[in-house]
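Comments concern the structure below.
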Amino acid sequence: MSLSRMLAVARKEVLHILRDSRSLIIVVIMPVTLMLLFGYGVNLDLKSLPLYVYDQDGSQQSQDLLKQFQASQYFHIVCVVDRYPAVTRALDDGSAKMGIVIPWNFSQQLGSGSPARVQALVDATDDNTANILIGYAQAVVQGYSSDIQIGWLQRHGEPVEPAPIGVETRTWYNEDLESSAFIIPGVLALVMSVIGAFLTSLTIAREWERGSMEQLISTPVTAIEIMLGKLTPYFVIGMFDVAVCAFIAIGWFHVPFRGSYMTLAVSSALFMVVVLSLGFFISVLARNQFAASQIALLVTFLPAFLLSGFLFSIDQMPIVLQWITRILPARYYVSVLKEIFLKGTPTTMLAADLLPLAVFSLLLAAVATRSFHKRLQ
Amino acid sequence: MRLPANPRVIPMERRTMAEPSHSAAVNFAAANPPAANSVVIENLTKRFGSFVAVDRLNLTVRKGEVFGFLGPNGAGKSTTIRMLCGLLTPSSGRASVAGHDVARDPEAVRQNIGYMSQKFSLYNDLKVIENLRLFAGLYSVPATELQDRIGWALTMANLKGRENLLTSTLPGGWKQHLALGCAVLHRPPIIFLDEPTSGVDPISRRQFWDLIHQMAQQGVTVFVTTHYMEEAEYCNRLALIFRGQMVALGTPAELKRGSMKGELLLVECRPLGPAVEALQSAPGVIDAAVFGDALHLVVGSASIAAPTIRTYLTDRQISVHRIEPIRPTLEDVFVSLTTTRSAEEARTQ
């Protein structure tokens with residue numbers, strides 16, 4: 001292992017990156033774009049959902065109920081209509097997510113003490129949103145209902161008993177229940193997948209395609225020197241991008257950072273080794289820029305996006321998918337990121353994630369090293 | 001008990017152990033003292049699946065020789081050169097370069113060679129000086145010699161003052177010179193050039209060959225492949241390669257003298273097409289081929305065949321303008337040898 005030969009390869013690689021505008025865009029613009037995209041664009045919170053109402057009753061009580069809906073931050077009454085088909089049409093054309101129909105005998109039923117019913121029509125195209133929506137609507141109606149009961153009891157001089165049970169919630173870790181705080185730390189894993197696997201697989205496959213690899217391996221430079229020389233610049237860039245992303249997350253999106261920066265650096269370095277090794281391994285096998293970059297995205301970016309717990313909680317996945325996530329290094333990295341950003345979990349308690357990450361990085365680095373020989377066939 | 005205190009002891013021991021197997025190579029090249037042989041090839045064979053790219057090749061290249069490897073595309077020239085540079089493992093047979101076995105000790109081979117691959121066009125997005133520094137680094141050129149070597153390469157490639165040009169902006173001939181400069185920065189005793197002048201204009205090609213001869217005069221062995229016949233004339237010795245096999249070996253003069261099965265007639269006649277067809281079956285004609293706007297005929301004896309052929313053609317309404325014996329070029333030799341070989345193969349199948 002000669003440091004000077006490795007540095008000769010690394011220096012050349014840096015020049016390639018500096019002279020290639022596409023690489024520069026991926027290195028500089030891509031991380032910021034992904035951060036902004038996921039910080040602003042992806043919002044799992046449901047707020048101000050469009051609501052159509054058809055109040056057949058038109059009484060004081062029905063208006064009170066609708067005020068409750070309006071007061072809730074989840075709903076926004078966009079239209080009050082006077083015909084039933086207007087509600088269904090609004091659901092059809094998507095201008096409403098939910099329609100509330102208050103029957104003509106609503107106040108009468110309430111006055112007589114018999115149960116009153118309200119109809120809710122829900123657009124359940126997206127079942128998840130629909131479920132949340134129904135929950136919100138039930139909560140609003142429930143709240144109004146108990147208000148009436150208590151009012152009735154008080155008016156009749158009855159003691160308000162038994163007191164309704166209330167839940168006092170206090171949210172931890174992500175106190176403001178912002179989905180961006182949940183999502184943004186995971187973006188780091190996406191950025192590193194692109195830098196580590198996509199970019200490196202391109203640059204190494206390019207050497208095979210253009211025949212310069214044949215020239216390189218005809219010199220006394222060793223396989224490990226070529227590998228380290230080619231990967232080191234991308235390692236440095238990847239770590240730099242992690243710092244940039246962390247800075248944007250904390251400084252701009254105000255995602256809390258409660259853990260240690262050291263743990264962030266160590267886990268990122270381990271994950272970087274994982275994606276670099278994968279990118280290198282794939283390009284050695286494919287020896288073709290297009291194939292190598294596509295496969296690299298398929299085995300790093302896609303799992304990091306879908307199966308790492310970045311957007312979708314692993315606990316909620318079917319059991320088979322949960323097993324599959326165990327062989328995905330991204331899962332452990334995203335888990336570490338969420339823990340150290342939001343919870344500030346001490347490093348010692350992250351062993352269950354850091355250890356597999358370390359094992360993966362060693363294993364894949366070994367595979368990548370062994371895959372590359374100074375032979376054409 | 002003696003411990004190898006000096007790690008250098010180990011490669012020395014290994015070399016002594018390897019010597020018995022080397023003796024075969026020495027015997028093969030018995031005509032020359034072993035130190036004078038840069039490349040020794042014995043029964044070298046490379047198969048890709050069922051395709052035999054290189055078929056039992058045997059030859060020896062002497063120190064300071066410009067050795068040409070001549071053959072059409074796909075004849076196995078590049079495959080051979082890649083095996084000699086340790087880039088491909090031979091399927092069978094063996095080869096040693098600068099005394100090192102290419103299959104067992106490719107790294108030792110690489111220390112002693114400069115290689116210019118066929119596809120190689122340097123790194124286009126790097127500047128001239130950056131390409132040179134890269135290869136100086138890869139070949140571990142000592143810092144004290146770095147300026148000297150890079151200066152020498154720049155002078156040789158005629159790129160003094162153009163160090164900071166991007167390589168992509170250089171004309172083809174200059175790129176080729178620069179590529180050679182990069183491949184020999186570490187003063188290797190042997191250089192392998194795989195079709196170094198393909199796609200280069202004739203003047204640059206000529207200058208390139210001047211460089212090759214300068215290096216050979218300094219004792220560097222040059223192993224070069226080409227499919228340009230006129231370039232082959234610049235070589236001290238030539239091997240003609242056809243379908244993975246060596247069909248002839250010798251100096252250009254020897255080949256031209258000895259390899260033709262018969263003598264050569266130049267025939268200028270019109271129309272050419274029917275003439276070639278007719279002559280294939282004419283009595284006394286071994287081979288007929290179109291060269292430019294005339295025909296070259298291989299015949300047993302030029303003086304006997306000339307009048308016969310004139311009548312033969314005139315009888316078939318072909319007008320003959322000129323018919324005379326000529327001295328064969330390498331191209332004639334090559335065509336003659338390869339048609340003989342093809343005919344033999346067709347007969348055996």
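Of note:
- Burial ordering of A:I314, A:I295, B:I304, fewest other beta-carbon atoms within 10 Å first: B:I304, A:I314, A:I295
- Positive-pole candidate from A:F290, A:F257, A:A358, dipole of region A:254-377, charges at beta carbon: A:F290
- Electrostatic bookkeeping for B:A289 treats Lys and Arg as +1 and Asp and Glu as -1; over the other residues with beta carbon under 10 Å from its beta carbon, the sum is -3.
- Ranking of B:F223, B:F51, A:F69, A:F247 by count of other Cβ atoms within 10 Å, fewest first: B:F51, A:F247, A:F69, B:F223
- Added length on full extension, which subtracts the Cα-Cα distance from 0.36 nm per residue, A:I250 to A:N131: 39.6 nm
- Kyte-Doolittle at least 1.0, axis length at least 30 Å by Cα - qualifying DSSP helices, chain A: A:223-251, A:261-286
- Contact order for region B:261-327, expressed relative to its length and based on alpha carbon pairs under 8 Å spaced 6+ residues apart, stands at 46 percent.
- Spacing of the modelled spin labels on B:N158 and A:I319, each 7 Å from Cα toward Cβ, amounts to 7.8 nm.
- For A:Q63 and A:L302, the FRET efficiency from 1/(1 + (r/R0)^6), where r spans their Cβ atoms and R0 equals 45 Å, is about 0.30.
- Charge-dipole axis of the protein assembly as shown as Lys and Arg at +1 and Asp and Glu at -1 on Cβ define it, positive-most pick from A:M6, A:F341, A:I150: A:M6
- About the centre of its Cα atoms, chain A shows a dipole size close to 1900 debye [charges on the beta carbon of Lys, Arg (+1) and Asp, Glu (-1) only; nearest 20 debye].
- Cβ-Cβ distance of B:N73 and B:A289, R₀ of 25 Å, FRET efficiency by 1/(1 + (r/R0)^6): the value works out to about 0.85.
- Label-to-label distance, nm, for residues given as B:K261 and B:E344 (7 Å Cα→Cβ offset): 0.8 nm
- Once C-alpha pairs closer than 8 Å and six or more residues apart are averaged by separation and normalised to the residue number of region B:28-255, the relative contact order reads 28 percent.
- Assuming charge only on the beta carbon of Lys and Arg (+1) and of Asp and Glu (-1), the dipole of region A:49-155 about its Cα centre is about 280 debye to the nearest 20.
- Most mobile of A:V242, A:V53, A:V191 in a GNM of chain A (Cα contacts under 10 Å): A:V53
- Extension gain from B:E145 to B:R104, taking 0.36 nm per residue of separation minus the Cα-Cα distance: 11.7 nm
- Legend: ranking of residues A:I148, B:I309 from fewest to most surrounding C-beta atoms inside 10 Å; resulting order A:I148, B:I309.
- From phi via Karplus (6.51, -1.76, 1.60), per-residue ³J(HN,Hα) for region A:100-107 in Hz, x at Gly/Pro: 10, 10, 9, x, 4, 9, 4, 5
- Look at the alpha carbon pairs under 8 Å that are at least 6 residues apart: their mean separation over the length of region A:53-177 gives a relative contact order of 23 percent.
- Rounded to the nearest 20, the Cβ-based charge dipole of the protein assembly as shown about its Cα centre (Lys and Arg +1, Asp and Glu -1) stands at 2640 debye.
- Calculated FRET value between A:A86 and A:E175, using beta carbons and R₀ = 41 Å, to 0.05: 0.50
- Model label points for A:S2 and B:S91, set 7 angstrom from Cα along the Cα-to-Cβ axis, are 3.5 nm apart.
- For chain B, the mean residue ellipticity at 222 nm estimated from helices alone is -12500 deg cm²/dmol, where every DSSP H run of n ≥ 4 contributes -39500 (n - 2.57) and the total is divided by all residues, rounded to the nearest 500.
Only the coordinates and a few stated rules stand behind these numbers; no lab work does. Treat the numbers as computed from the prediction; the structure is a model and nothing was measured. Here Cβ is always computed from backbone atoms with ideal geometry, including for glycine, and neighbour counts include all displayed protein chains.
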